[in-house]
Amino acid sequence: MADSPTMTYGGYLRLDRLLSCQEPETDAHDELLFVIIHQVYELWFKQILHEAALLQRRLEAGGSAGALHTARRIAKILKTVVGQLDVLETMTPRQFAAFRHALGTSSGFQSDQFREIEAVLGRRGFPASVLRGDERLRDAVSRPTMFDSLLRYLAVQGHPVPREALERDTSRPWEPDAGVQKVLLAVYADENGPAAEVCEALVDVDEGVQEWRYRHLKMVERTIGAKLGTGGSAGADYLRATLFAPAFPDLWEVRSQTEQPTTGEESGHGG
């Protein structure tokens with residue numbers, strides 16, 4: 001599009017539409033904060049999905065530098081998403097209770113975009129009722145996951161990724177694989193190599209999602225305690241059940257298999 005001398009800041013960002021999207025249902029002062037925080041979450045989720053699609057393309061093309069840059073950006077976004085909880089936690093349980101009834105059956109667990117992020121990262125066990133009503137999610141659970149794209153990246157880089165792993169049915173959940181872990185151990189043996197850096201960047205993404213789950217759990221607990229979440233969701237119990245379940249288990253498992261380097265390797269003077 002050609003440069004427009006009449007384009008304004010507000011016009012470019014569609015601020016008239018954006019700022020008209022906050023419509024609290026009550027007169028409670030803190031409801032506006034609640035609305036804005038969750039709308040911003042959805043904007044960041046949109047960006048994460050945008051970046052994740054690029055990351056998978058770059059991985060499958062074997063591009064180390066581009067994949068590393070994009071993975072690091074996703075990890076930074078996740079840090080920002082976690083940081084927003086600090087703002088939300090300035091709201092007391094009584095302040096939330098003042099407008100909680102207005103939420104009706106709505107719940108953060110209904111976020112279509114976050115479900116899609118989970119699918120991109122490898123989740124496959126969505127209820128049939130959820131999949132029926134979400135075409136994007138149905139598409140996401142049939143596509144290769146981010147870890148599938150990492151395996152293809154490693155194969156392009158010349159690592160002997162098992163054929164069964166590369167040709168697996170990506171609509172099925174990933175199961176940790178000893179052959180893949182052997183490849184990852186070889187990748188990590190050259191810890192300054194680009195492939196090891198890319199793997200670590202995906203660990204950062206995985207850890208970022210886990211950190212968000214933990215902080216979200218603590219925010220829910222300090223706001224509503226052990227009550228059911230809005231919309232009848234299991235609230236804190238659901239979040240607790242998802243803690244410490246990594247998206248990329250093989251990248252975590254190889255840490256326990258890594259051997260101590262020899263003195264020569266550690267100093268960079270092997271041979």
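In the chain, the longest principal axis of the Cα atoms and the axis of helix 178-189 are about 80 degrees apart. Roughly what angle does helix 112-121 make with the longest principal axis of the chain, taking Cα atoms, 0 to 90 degrees, to the nearest 10? Tilt relative to the chain: about 10 degrees.
In whole percent, what relative contact order does the chain give with Cα contacts below 8 Å and a gap of six or more residues? Mind showing how you got there, number by number?
Details: 261 pairs, mean separation 59.5, N = 271.
Computed value for the chain: 22 percent relative contact order.
Geometric descriptor of the chain, per residue, is 187 Å³ (volume of the convex hull of the Cα atoms). When the solvent-accessible area of the chain is split by element, carbon and sulfur atoms take up 53 percent of it, the probe being 1.4 Å. Based on DSSP H segments of at least four residues, each scored -39500 (n - 2.57), the chain has a per-residue ellipticity at 222 nm of -18500 deg cm²/dmol.
Of the whole protein surface, TRP44 contributes about 80 Å² of accessible area at a 1.4 Å probe radius. Among the lysines of the chain, pairs at least eight places apart or on separate chains and with Cα atoms under 25 Å apart come to 6. Modelled spin labels at HIS29 and SER111, positioned 7 Å past Cα toward Cβ, are 2.7 nm from each other.
Counting Lys and Arg as +1 and Asp and Glu as -1 over every other residue whose Cβ lies under 13 Å from the Cβ of GLY63, the net charge comes to +1.
Pairwise alpha-carbon distances in the range 130-176 exceed 14 Å for 53% of all pairs. The residue list ALA201, LEU184, ALA165 was ranked by how far each Cα lies along the charge dipole of the range 155-216 toward its positive end, using unit charges on Cβ atoms, and ALA165 comes out on top.
Could you state the accessible area per residue of the chain in Å², with a 1.4 Å probe and every protein chain left in place?
Value for the chain: 58 Å² per residue.
By the gyration tensor of its Cα atoms, with a ≥ b ≥ c the square roots of the eigenvalues, what is the shape of the range 58-204: rounded for a/c under 1.5, prolate for a/b over b/c, or oblate? Oblate is the answer for the range 58-204, as a/c is 1.5 or above yet b/c matches or exceeds a/b. Taking Cα centre as origin and charging only the Cβ of basic (Lys, Arg, +1) and acidic (Asp, Glu, -1) residues, the dipole magnitude of the chain rounds to 560 debye.
The values are calculated or read from the model by the stated rules, or taken from the named source; none is laboratory data. Here the structure is a predicted model, which is why all the values come from computation and not from measurement. Note that we place each Cβ from the backbone using ideal geometry, even for glycine, and neighbour counts take in every protein chain shown. Side chains are part of the model used for accessible areas, which takes the heavy atoms of the whole protein and leaves out ligands, DNA and RNA. Shrake-Rupley method; radii C 1.70, N 1.55, O 1.52, S 1.80 Å.
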